[in-house]
Amino acid sequence: MGKNKKGKFSWSSALVGAATATAATWVISSKPRDPTFYLISLDLTSFKLNFPVLDAEMVLTVHVTNPNIVPIHYSSTEMSIYYGGSLLGSAPVKAGSQPARSCQLLRLPARLSGLQLAQHAKKFLSDVGRREMVLDSAVIIEGAAKVLWWDHKFKVHVDSHVTVDPLFLDVIDQENKSEMEIFVS
């Protein structure tokens, strides 16, 4: 009868296999994913006289999630806020950073034009009566995520469609869409 060969266990083969599996998992999980943005609240802070109308100043609280395995750094930008297709106001976004796989709240000061709102007075009064006002916003955030010695530059375009109660400024519903471009340098 022939000799029955049993395979010998090899620690080096096991380590190479484990390292390969770990590297494959890291590559799959390191694929850049879009950050998410959700408007948590609108807080009216003051009215400013901008003759002949009043402008409203508010603070927008936005929940941002970075699902990536590396921290991100982003530059300052400005969020545009629209009502009835017209630019109603804006909110500056300061440059900053966010740790890997984390959530944070951004508080963005915004100023809404009373003159622009007055041009949509009929629609606004109707919205107040229904207690539903639709605001749209758009922002482009540019930044970088550093992986080892590579900077992965990105640009995220976020469009939001938010329904709020114009009396109590409660967020009723929202739909956010983001598109991310990545540049390797």
Rounded, prolate or oblate: which fits segment 76-185 when a ≥ b ≥ c are the square roots of the eigenvalues of the alpha-carbon gyration tensor, with rounded for a/c under 1.5 and prolate only if a/b beats b/c? prolate
Applying 1/(1 + (r/R0)^6) with R0 = 35 Å to the Cβ-Cβ distance of SER126 and PHE47, what FRET efficiency is obtained, to the nearest 0.05? 0.95
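ARG107 to LEU15: FRET efficiency via 1/(1 + (r/R0)^6), r the Cβ-Cβ distance, R0 41 Å, to the nearest 0.05? Write out the running numbers ahead of the final one.
Numbers: r = 49 Å, r/R0 = 1.19.
For ARG107 and LEU15, the calculated efficiency is 0.25.
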Principal axis extents for segment 77-141, Cα atoms only, whole Å, descending order, please. 46, 21, 17
Considering only protein heavy atoms and a probe of 1.4 Å, how much of the accessible area of the chain is carbon and sulfur, as a whole percent? 61
Nearest-ten-degree value, helix 121-130 long axis tilted from longest Cα axis of the chain: 70
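Summing +1 for each Lys or Arg and -1 for each Asp or Glu, what net charge is found among the other residues whose Cβ lies under 10 Å from the Cβ of ARG131?
Net of charged neighbours comes to -3.
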Global geometry of segment 43-126, whether rounded, prolate or oblate, following the gyration tensor of its Cα atoms and the 1.5 cut on a/c: prolate
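Where nothing but the Cβ of Lys and Arg (+1) and of Asp and Glu (-1) is charged, how large is the charge dipole of segment 78-185 around its Cα centre, in debye to the nearest 20? Provide the component values of the computation, followed by the final result.
Numbers: 12 positive and 13 negative charges, 54 e Å.
Computed about the Cα centre, the dipole is about 260 debye.
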Under 1.5 on a/c is rounded, so check that first for the chain, then, if it is not, pick prolate when a/b is larger than b/c and oblate when it is not; a ≥ b ≥ c are the square roots of the alpha carbon gyration tensor eigenvalues. prolate
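Starting from 0.36 nm per residue, how many nanometres of slack lie between PHE168 and MET180 once their C-alpha separation is accounted for?
On the way: separation 12, 0.36 × 12 = 4.32 nm, distance 3.35 nm.
Result for the pair: 1.0 nm of gain on full extension.
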Any chance you could give the angle, 0 to 90 degrees and rounded to 10, that helix 11-29 forms with the longest Cα principal axis of the chain? 20
Proximal aspartates and glutamates relative to LYS123, as straight alpha-carbon distance under 13 Å, when same-chain residues fewer than 8 apart are discounted: GLU132
What aspartates and glutamates does LYS177 reach when the alpha-carbon gap must be under 13 Å and sequence neighbours fewer than 8 apart in one chain are set aside? ASP34, ASP136, ASP159
How much mean residue ellipticity at 222 nm does the chain get from its helices, if each DSSP H run of length 4 or more adds -39500 (n - 2.57) and you divide by all residues, to the nearest 500 deg cm²/dmol? -5500 deg cm²/dmol
If you take the beta carbon distance between THR22 and VAL70 as r and set R0 to 25 Å, what does 1/(1 + (r/R0)^6) give as a FRET efficiency, to the nearest 0.05? 0.90
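The values are calculated or read from the model by the stated rules, or taken from the named source; none is laboratory data. Quick caveat, the model's predicted, so the values are computed rather than measured. Neighbour counts run over all protein chains shown; Cβ positions are idealised from the backbone, glycine included. For accessibility, only protein heavy atoms count, side chains too; no ligands or nucleic acids. Shrake-Rupley method; radii C 1.70, N 1.55, O 1.52, S 1.80 Å.
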